[in-house]
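Below is one structure, written out as structure tokens; comments come after it.
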Amino acid sequence: MTEINLPNADRSMTAYRLTGDPIPFVKHQASDFPRIAYAAAHVVADPLAVNDPWLTPAIDWETTLKFRHRLWDLGLGVAEAMDTAQRGMGLGWAEAQELIRRAQAEARTRDDSLIAYGAGTDHLQPGPDVTIADIISAYEEQVGFVEGEGGRVILMASRALAKAARTPEDYAEVYGRILSQVKQPVVLHWLGEMFDPALEGYWGKPTHEAAMDVCLEVIRAHADKVDGIKISLLSKEKEVAMRRRLPDSVRMYTGDDFNYAELIAGDDEGHSDALLGIFDAIAPAASAGLAALGRGSENEFFELLEPTVPLSRHIFASPTRFYKTGVVFLAYLNGLQEHFTMIGGQQSTRSLQHLAELFRLADKARVLADPELAVDRMRRVLAVHGIA
């Protein structure tokens, strides 16, 4: 059995013996799944670039795009240029445009490439002089770019709008203007403040329940322009409550990285589709689980996905916005990139203790594709931190 010494919270070291039987990589088609499932994909940094990582992103485009093909091979869609790609935390609008161009070019090379792109206002710096008209213009620029490339839009929440809006009517005005112009139905993205503190009070209300009323009014007024909504509030109760109030034509895409298995499985009154950052990290398990659900085997679905939930809860632990570090670390352990480096130097946002526990949970979830490789790479990270 493969074994490695890992640190404990009391600063001691204990031998950890790997027990997980890795879930194999098996290709699937999206048609094998009874749910639409997007994985919000990360970007791979270029560690050899001559740059200042905090100031200038450097991206390994070849490896980044190869990872998108891997997701498509598993039957998953790609939610591109989203927060998992460090949008607003290292990836600026200029880099996002290049990512969108390149990903769309790759998508055109195959007939099974489900992909949609984040459009927001992140090129507009929030401030006291920013007006509602400025925000509408910023959204129009990004939506226009995505649609100009032939892509589908995921309408991201706006930090500038959260700061500038004074009433719920300001949100209704902005979203109404944008939705009235889009060429095809979009996915709305309500990202909670646990993912981005700058989005607290979104929709102009102090509580999620009150904000939900405003959001639902916007959706009902433009239901023909809304494919679905992804909410990332890490509350299954709030997601189910909103899901039951959506128009019949509008999907709920779960963004709940704490409770996704039961939300995707659903209940007698409905289910959620998926748009999840954790699906980047656990893609073979997600694919196998959704295929099992497609065969009518709900037990197998839960057997595959429930062990991944503790891992996901750890990766997305508070401060939740640092979850990208765990996603990239798992990609490194699994040999999907040759280094543990992130744009913006974000690999530094989690402690060694956090990474050690992630390793243990990934083994238990059966998502370490090659245990010997994972052990070798974990040992290298330990060595960098002074643990031989």
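Quick look at the values:
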{"item": "Segment Thr14-Asp111, extension gain: residue separation times 0.36 nm, minus the distance between their alpha carbons", "result": "30.1 nm"}
{"item": "Projected area averaged over orientations for the stretch 1-112, convex hull of C-alpha atoms, nm²", "result": "10.9"}
{"item": "Residue-wise HN-Hα coupling along the stretch 57-68, computed from phi with Karplus coefficients 6.51, -1.76, 1.60 (Hz; x: Gly, Pro)", "result": "x, 10, 10, 7, 5, 4, 5, 4, 6, 4, 5, 4"}
{"item": "For Ala45, distant residues with modelled amide H under 5 Å away", "result": "Asp60, Ile343"}
{"item": "Anchor Lys225: lysines whose Cα lies under 26 Å away (excluding residues fewer than 8 positions away in-chain)", "result": "Lys163, Lys183, Lys205, Lys236, Lys238"}
{"item": "Heavy-atom accessible surface of the stretch 87-146: percent carbon and sulfur, 1.4 Å", "result": "48"}
{"item": "Per residue solvent-accessible surface (Å²) - the stretch 260-388, probe of 1.4 Å", "result": "36"}
{"item": "Equivalent-ellipsoid semi-axes of the stretch 246-337, from the Cα gyration tensor, Å, largest first", "result": "24, 16, 11"}
{"item": "Amide H partners (placed H, <5 Å) of Leu234, local residues excluded", "result": "Asp257"}
{"item": "Residues with amide H under 5 Å from that of Ile36, placed H, sequence gap 5 or more", "result": "Ala274"}
{"item": "Derived scalar couplings ³J(HN,Hα) [the stretch 297-310; Karplus, 6.51 cos²θ - 1.76 cosθ + 1.60; whole Hz; x for Gly, Pro]", "result": "9, 5, 4, 5, 3, 5, 4, 7, 9, 4, x, 7, 5, x"}
{"item": "Cα centroid of the stretch 135-173 to Cα centroid of the stretch 214-283, whole Å", "result": "20"}
{"item": "Per-q log10 I(q)/I(0), the chain, q = 0.15 Å⁻¹ (Debye; single scatterer per alpha-carbon; no solvent)", "result": "-1.42"}
{"item": "Between 0 and 90°, nearest 10: helix 323-333 axis offset from the chain longest Cα axis", "result": "40"}
{"item": "Between 0 and 90°, nearest 10: helix 168-179 axis offset from the chain longest Cα axis", "result": "80"}
{"item": "Isotropic mean projected area of the C-alpha convex hull, the stretch 159-215 (nm²)", "result": "4.0"}
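The values are calculated or read from the model by the stated rules, or taken from the named source; none is laboratory data. The structure displayed is predicted, hence computed values, not measured ones. Ligands, DNA and RNA are excluded from the accessible area calculation, which covers all protein heavy atoms including side chains. Shrake-Rupley method; radii C 1.70, N 1.55, O 1.52, S 1.80 Å.
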